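*Asks:* Before I ask anything, here is the structure I am working with.
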Amino acid sequence: GRGFLVTSSGLPVSSTTAASAETKPYAGRVLVYGLRGEEEPLLQGVLNRAGKVHKRTIRAAAFAKRSRTVTPPPLPPTGAADPSSDLPAPPSYCGGVIAAVSFDGVCSIWRDCGELSPEGLLEWQCAVTLTGCSSELKGVLWSSQDTLLSVCSRDKSVWIYEVPEDMFDHAMGVGEDAGGAGDCEVVSILTHHSGDVKALSSLPSEPDDVLLSASYDASVNVYTADEAGDYSLTTSLKSASAASGDKAATIWSLAVTPHGTRLYAGTGEGEVLIYHIEDGEFTHVHTLTVAEEGTKARPIYSIAVPPPSASHGCVLLGYSSGIYLYREVSSVMGGGWTLDCRAKQAHEQDVMSVAFVDDGRALLSVGEEGKIRFWSFVIG
């Protein structure tokens, strides 16, 4: 493309060659990093550090919208700095509430404690675990008001929980001392997919009433809630390859633009299906083909769109071992798209997740080999 990408750092999360748990200190954990402009990202917290809540791989984690900045009291004189970093401790930490899901069928909700560990990391405690679904969980999504939490599963279902307001009261305890924080009620169990559900998204222009789910059955289901909060299937979007009988068109990833006018759906055939959204109607307007001719197509595991504060409207994809940044170049609905920049060998293995950071001015990518990389970029 006409732009360029520059990696600013590579953070090893785990060893891909060692087999023992002792040499993989963060396996089955959630890592919280603080981003400080162009400085090296700093590890600020580790959830499930003792490995007691999640016993298997954590597939996804998400901050609630009501995150907070925490300025904890300084460590006591006996406290030691984090031996893995020679950077000074930050004056503030990113805290709040995080939900995580894993392959053992557990969804956990964590709150920061407002205090530092002896290693200089922000302490987190599990407020509640949700174990209604017995199969592997693949995705987790907070609603726009943090009142609902949705998880999707290998058993072809989507579970929607109502989250009580006191879940966000950091003055409350955890476990048996958490009071109402443990009362997350199931409000809906959606079982319309015929294959395992891979990803979730929602329409940001709606309060809490439009939910999207992507599945191995090559469809994106659209659910709408009525005034009583009950969800029903209103639309099922099928890819063209699925309509022709091609079973390989799994929908692996979803992303909706901040204003709720575009839906991007990444398939197992290296394509991105683009839908225009207006008045609750989804119109397929374009298909981006990332897979190069003559090569075996790979799934697009992750798609990201920039936040509303960004100065551009690009879409970021993780495909095979690379990351790709596309930009719409026509104001006509479903008009032309151009590849602005890419890094074909961003990782040693498949790119599993991508995101915009720093108000859309930088990127991050996560590789299956266990590394997080941060990137600066120039478009146009």
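The values are calculated or read from the model by the stated rules, or taken from the named source; none is laboratory data. This is a predicted model, so every value here is computed, not measured. Neighbour counts are summed over all protein chains in view; Cβ atoms, including those assigned to glycine, are modelled from backbone coordinates with ideal geometry. These accessible areas exclude ligands, DNA and RNA; they are computed on the full protein's heavy atoms, side chains included. Shrake-Rupley method; radii C 1.70, N 1.55, O 1.52, S 1.80 Å.
*Asks:* With ARG298, ARG342, ARG327 as the choices, which residue is surrounded by fewer than 22 Cβ atoms within 10 Å (Cβ to Cβ), touching a Gly at 6+ places or on another chain (Cβ under 8 Å), modelled with pLDDT under 95 and closer than 20 Å to ASP217 by Cα?
*Replies:* After applying the criteria, what remains is ARG298.
*Asks:* ARG59 versus (1) charged (D, E, K, R); (2) loosely packed, with under 14 Cβ neighbours inside 10 Å; (3) modelled with pLDDT of 90 or more: which is the lone unmet condition?
*Replies:* Among (1) charged (D, E, K, R); (2) loosely packed, with under 14 Cβ neighbours inside 10 Å; (3) modelled with pLDDT of 90 or more, the lone unmet condition for ARG59 is (2).
*Asks:* So the check is Cβ under 8 Å with 6+ separation or different chains; which pairs have a first residue in region 203-219 that's farther than 17 Å from THR147 by Cα and assigned to a loop (DSSP other than H, G, I, E, B) and a second one that's at pLDDT below 90 and not charged (D, E, K, R)?
*Replies:* ASP217/ALA242; ALA218/SER239; ALA218/SER241; ALA218/ALA242; ALA218/ALA249
*Asks:* Picking from GLY322, GLY380, GLY370, GLY270, which residue would you name as being at negative phi and either at pLDDT 90 or above or surrounded by fewer than 22 Cβ atoms within 10 Å (Cβ to Cβ) (or both)?
*Replies:* Within the list GLY322, GLY380, GLY370, GLY270, the selection yields GLY322.
*Asks:* Continuing with the same structure: What about SER150, is it in a strand (DSSP E or B) and either open to solvent by 10 Å² or more (accessible area, probe 1.4 Å) or farther than 18 Å from VAL70 by Cα (or both)?
*Replies:* yes
*Asks:* To continue, here is another question. Are any residues in region 218-241 open to solvent by less than 40 Å² (accessible area, probe 1.4 Å) and not hydroxyl-bearing (Ser, Thr, Tyr), and if so, which ones?
*Replies:* ALA218, VAL220, ASN221, VAL222, ALA225, GLY229, LEU237, listed by residue number.
*Asks:* Would you point out which residue out of LEU130, LEU122, LEU116, LEU42 is touching a strand residue (DSSP E or B) at 6+ places or on another chain (Cβ under 7 Å) and at pLDDT below 85?
*Replies:* Just one listed residue meets the conditions, LEU42.
*Asks:* Is it the case that region 261-278 has a residue that's free of Cβ contacts under 8 Å to residues at least 12 places away in the same chain and over 23 Å from the mean Cα position of the chain (by Cα)?
*Replies:* No, there is no match, as no residue in region 261-278 is free of Cβ contacts under 8 Å to residues at least 12 places away in the same chain and over 23 Å from the mean Cα position of the chain (by Cα).
*Asks:* Looking for something in contact with a strand residue (DSSP E or B) (Cβ under 7 Å, 6 or more places away or on another chain) and at pLDDT 85 or above - is there at least one such residue anywhere in region 81-88?
*Replies:* No; the residues of region 81-88 include none that is in contact with a strand residue (DSSP E or B) (Cβ under 7 Å, 6 or more places away or on another chain) and at pLDDT 85 or above.
*Asks:* Given the conditions (1) in contact with a Phe, Trp or Tyr (Cβ under 6 Å, 6 or more places away or on another chain); (2) hydrophobic (A, V, I, L, M, F, W, C); (3) modelled with pLDDT of 95 or more, which single one is not true for VAL290?
*Replies:* Of (1) in contact with a Phe, Trp or Tyr (Cβ under 6 Å, 6 or more places away or on another chain); (2) hydrophobic (A, V, I, L, M, F, W, C); (3) modelled with pLDDT of 95 or more, only one is false for VAL290: (3).
Condition check ((1) in a strand (DSSP E or B); (2) more than 20 Å from the chain's Cα centre (by Cα); (3) closer than 19 Å to GLY360 by Cβ) across all residues:
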residue	(1), (2), (3)
PRO306	no, no, yes
GLY313	no, no, yes
TYR324	yes, no, yes
ARG327	yes, yes, yes
